[in-house]
Amino acid sequence: MTNAAVINKRFDHSSRRLRLQTLMRLRWLAVAGQTATVMLVSFWLAFPLPLVACGLLIGALVIANVTLSIRFPPTHRLEPFSALCLLGFDLVQLAALLFITGGIANPFAPLLCVPVIISFASQPLRYSLWLMVLAILAISALVISPFPLPWYEGETLLMLPVMQFATLSAIISMTGFAAFYAYRVSQEASLLAEALAATELVVQREKHLSQLDGLAAAAAHELGTPLATISVVAKEMERELGNDERFGEDVQLLRSQSERCRDILRRLTSLPSEREAHMSRLPLSSMIEEVVAPHREFGIRIVLADRNVGEKEPICMRNAGVMFGLGNLIENAVDFAREEVTLTVSHNKEKISIMIEDDGQGYSQDILGRIGEPYVTTRPGNERAGGLGLGLFIAKTLLERSGAALRFENRDTSKHGARVTISWPRNLIEAQSTN
């Protein structure tokens, strides 16, 4: 697998995750709209309506929303399959409500396109197409609904078959067009964001390499002349003292070392291009140590623990986003710790996990459910530490973009402090060999 393929796989894995809270808010809006419509039709217009069945269907949406709010934090992001299931449930619930209130004749039937549009705007294409198929089946089922449209008592509003077919075609066409439009706009926005991020990384990399090249050229230029002089003088001394028992060996050593310095300068000028591939791969333990090193000088003890016995250590790609994200989490733990921060690294054939624990005050309950959102304020009881704002938000986003799953929690009741667990599927973070 090439590096480009790995990058694309990681991007596809994490860039299209819909936030659960977004779907929940849309659901509450749907509950409010459906309830208001049923009440208006039944009590104000006094149209005959199956109130019990409508109430059960709306109640199912309420129960599902409450269950999700209890089971998951507001910042939870859905995997594509989970998002497909939730949007599919919403579509089926609305289709059932329309089915018992007139079917295709119901003026709210075009609302069936809303879950499909949301999916095409936020989810991978293969999942959205399945939802599109479900929507077409649901819309088609409305045509054969035996339930009449709620209307004035003693009157029945009938739709001719040709009108039903026309309405069916219009709704399906509108769903397809709107879905395609949402998908194209979403794709263009994602490609633009990815291109801007890649451009920024390339510019930074080229700037760094350019600076290294300039320093190497300057060093070669400045040191070339004195080294040449030393080499000439060493050759003359070797010619005169080469057979001298006291100084001959030292002169030969001086000349060989001057030649070695010149070789080092020559290699230095080509180091970025020759060593780049080698330096981009490093063992997991080396990556952790490189991230931890800048935070050891702040009076807080950092303990590294390894839970692996006999398991081969992963070789990871040097990922600036991953290293920045881990560094930010470690810095946050050091800021809030009293005496010690513990990093526990574990890995097996399927997963790599890093657990960061501190012995500070931990997270308060109101902050714990909102970690990962920008502008969240500090933990209580520690005035020397900064906030959990944009830095943590950026770190969490970068790590999730690499395919990581993060869990923020407090340690056991017997131990004070906070715990952050970061885990990746091993194939996402481990270095891949090029074909």
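The values are calculated or read from the model by the stated rules, or taken from the named source; none is laboratory data. Values in this document were obtained by computation on a predicted structure and should not be read as measured data. Every residue, glycine as well, gets a Cβ built from its backbone with ideal geometry; the counts of neighbours run over all protein chains shown. Ligands, DNA and RNA are excluded from the accessible area calculation, which covers all protein heavy atoms including side chains. Shrake-Rupley method; radii C 1.70, N 1.55, O 1.52, S 1.80 Å.
Take region 264-289 and flag every residue that is out of contact with any Asp or Glu (no Cβ under 8 Å at 6 or more places or on another chain), in a helix (DSSP H, G or I) and at pLDDT 75 or above.
Within region 264-289, the first condition is being out of contact with any Asp or Glu (no Cβ under 8 Å at 6 or more places or on another chain), and the residues that meet it are 264-266, 268, 270-271, 273-281, 286-289.
Now narrow it down to the ones that are in a helix (DSSP H, G or I): 264-266, 268, 271, 273-279, 286-289.
Listed by number, the residues that qualify are Ser286, Met287, Ile288, Glu289.
Output yes when any residue across region 23-32 is farther than 30 Å from Ile367 by Cα, open to solvent by less than 30 Å² (accessible area, probe 1.4 Å) and at pLDDT 90 or above, and no when none is. First the steps, then the outcome.
Residues of region 23-32 farther than 30 Å from Ile367 by Cα: none.
No, because not a single residue in region 23-32 is farther than 30 Å from Ile367 by Cα, open to solvent by less than 30 Å² (accessible area, probe 1.4 Å) and at pLDDT 90 or above.
Residues of region 141-161 that are open to solvent by 50 Å² or more (accessible area, probe 1.4 Å) and farther than 22 Å from Val38 by Cβ: Ile144, Leu158, Leu160, Pro161. In region 50-70, what residues are under 23 Å from Gly369 (Cβ atoms) and loosely packed, with under 12 Cβ neighbours inside 10 Å? Hits for region 50-70 are Ile63, Val66, Thr67, Ile70. Just give me the residues in region 343-360 being in contact with a helix residue (DSSP H, G or I) (Cβ under 9 Å, 6 or more places away or on another chain) and either surrounded by fewer than 19 Cβ atoms within 10 Å (Cβ to Cβ) or assigned to a strand (DSSP E or B) (or both), in sequence order. Listed by number, the residues that qualify are Leu343, Val345, His347, Asn348, Lys349, Glu350, Lys351, Ile352, Ile354, Ile356, Glu357, Asp358. Is it true that Leu304 is touching a Leu at 6+ places or on another chain (Cβ under 8 Å) and open to solvent by less than 30 Å² (accessible area, probe 1.4 Å)? In short, no. Here the condition is being under 26 Å from the mean Cα position of the chain (by Cα), surrounded by 11 or more Cβ atoms within 10 Å (Cβ to Cβ) and modelled with pLDDT under 85; of Ala195, Ala189, Ala121, Ala182, it holds for Ala189 alone.
Kindly indicate whether Asp250 is modelled with pLDDT under 75 and either in contact with a Ser or Thr (Cβ under 6 Å, 6 or more places away or on another chain) or surrounded by 11 or more Cβ atoms within 10 Å (Cβ to Cβ) (or both). No: the conditions fail for Asp250. When region 155-179 is limited to residues that are in a helix (DSSP H, G or I) and among the polar types (S, T, N, Q), the one that is nearest to Ser119 (Cα to Cα) turns out to be Thr175.
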